[in-house]
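Structure first, then comments.
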Amino acid sequence: MIEIWPELKRDLEHQLVGFSDFKTMLQQVDAPVSPMDIGIGLDRLRESYGLAQLIWKRYRILDFTQELGIFEICVTNIFNSEKY
């Protein structure tokens with residue numbers, strides 16, 4: 001991973017839509033933009049990160065963060081980011 005990170009990072013930056021841009025796109029079509037908009041509280045959302053890993057058969061970023069031992073750190077950073 002360390003060896004391929006620079007190329008992978010560049011590829012991901014071209015493929016993924018940033019949070020602010022994605023939120024703007026949702027707002028433009030009057031779609032919900034936060035968990036609270038669809039009746040999901042932050043406690044339930046936080047719990048769902050761990051559960052989400054169990055329902056997908058594919059290898060996901062959640063699996064990767066678990067293997068690195070940084071899953072809880074990543075989830076905590078998400079909830080401390082002031083995005084919610």
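All of the numbers you see were taken from the coordinates with simple rules; none came from a lab. The structure displayed is predicted, hence computed values, not measured ones. Because the Cβ atoms are built from the backbone with ideal geometry, glycine has one as well, and the counts that use them run over all protein chains shown.
For P(r) over Cα pairs in 10 Å bins from 0, in percent, several values are listed as (i) 17, 53, 30, 1; (ii) 18, 53, 25, 4, 0; (iii) 14, 35, 42, 9, 0; flag the one computed from this structure. Among (i) 17, 53, 30, 1; (ii) 18, 53, 25, 4, 0; (iii) 14, 35, 42, 9, 0, the one calculated here is (iii). Remark: the Cα gyration tensor places the stretch 36-84 in the oblate category, a/c being 1.5 or greater and a/b not exceeding b/c. Summing charges over neighbours of SER81, with a neighbour being any other residue whose Cβ is under 14 Å away from its Cβ, gives +2 when K and R count +1 and D and E count -1.
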